[in-house]
Amino acid sequence: MSTDKQVVLVTGTRKGIGRHLAEHYAKKGYIVEGCSRGDAGFEVENYHHTNLDVADEKGVKQWVSGITKRHGRIDAVLNNAAIASMNHVLLTPAASANRMLEVNVTGTMLVCRDAAKVMMKRRYGRIINFTTIVAPIALAGEAIYAASKSAVVTFTRILAFELGQWGITCNSFGATPIMTDMIKGVPQAKIDAVVQGLAVKRLGTYEDCSNVCDFFMAKSSDNITGQVLYLGGIT
């Protein structure tokens with residue numbers, strides 16, 4: 001089976017940024033295939049949900065295979081799924097660190113790897129991997145999370161060179177703080193301090209994220225690859 005509509009994969013769609021992106025592209029007429037570890041909790045036309053842990057290699061392979069059988073193509077991947085745990089490194093258990101690395105780094109790699117194999121056949125694709133501004137600003141209490149997202153940036157830059165010959169672009173971006181469940185436990189004083197360090201002194205929005213994704217996903221962005229874009233003036 002095949003479709004003329006563009007097919008977009010979005011990970012971590014149950015809530016927050018992932019849900020916004022799933023709804024955003026579904027409403028624009030894309031076929032959106034989303035996943036998270038739990039049920040979606042919402043319904044929208046053109047959206048199909050799969051319960052999946054992106055760190056599960058077998059599960060990712062089955063997910064991508066099913067999408068390929070249903071639609072015959074994958075045009076874009078938005079790797080949003082991630083976990084974070086704010087903790088001083090002296091108090092961070094190995095299990096917590098390993099889980100963050102497994103989901104944030106290995107999970108991103110698995111989805112990119114299997115989706116890219118489908119993209120190669122049509123010599124076209126857009127891969128966008130999500131990072132975070134807490135890496136370049138070296139936010140205390142986020143050492144392992146920031147390290148995992150720094151790894152995603154390096155991975156994406158190298159992936160851009162590995163996949164460029166097939167017309168696949170690979171970029172990453174980090175949003176400024178957005179009031180999602182991921183930062184719910186962060187003290188307000190720390191959030192305020194981060195915002196005050198930005199060039200644009202405000203919290204991020206879901207629309208900021210979809211704006212960046214629209215830019216990277218555009219067909220005219222075929223020469224933009226291997227880049228990382230941090231919002232709020234962070235470099």
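What follows draws every value from the coordinates through simple rules; no lab data is involved. All values derive from a computational prediction rather than experimental measurement. As a convention, Cβ positions derive from the backbone with ideal geometry for all residues, glycine included, and neighbour counts pool all protein chains shown.
A straight Cα-to-Cα reach below 19 Å connects Lys190 with the lysines Lys201, residues fewer than 8 places away in its own chain not being considered.
Suppose every K and R has +1 on its Cβ and every D and E has -1 on its Cβ; what is the size of the dipole of segment 138-227 about the Cα centre, in Debye to the nearest 20?
On the way: 7 positive and 8 negative charges, 39 e Å.
Computed charge dipole of segment 138-227: roughly 180 debye.
Modelled spin labels at Gln188 and Thr235, positioned 7 Å past Cα toward Cβ, are 3.4 nm from each other.
Secondary-structure-derived ellipticity at 222 nm for the chain, considering helices only, amounts to -12500 deg cm²/dmol, per-run term -39500 (n - 2.57) for DSSP H runs with n ≥ 4.
Remark: Val194, Val89 ranked as Val89, Val194, counting other beta-carbon atoms within 10 Å and listing the fewest first.
Taking a point 7 angstrom from the Cα of Val200 along the C-beta vector, which residues in segment 133-156 have backbone N less than 16 Å away? Under cut-off, by backbone N: 133. Arranged from fewest to most other beta-carbon atoms within 10 Å of their beta carbon, Asp56, Asp222 become Asp222, Asp56. The long axis of helix 57-71 is offset from the longest Cα principal axis of the chain by roughly 40 degrees.
Taking only Cα atoms, what is the 0 to 90° angle, nearest 10, from helix 16-27's long axis to the longest principal axis of the chain? Relative to the chain, helix 16-27 is tipped by roughly 30 degrees. Between the Cα long axis of helix 108-122 and the first principal axis of the chain there is an angle of about 30°, rounded to the nearest 10.
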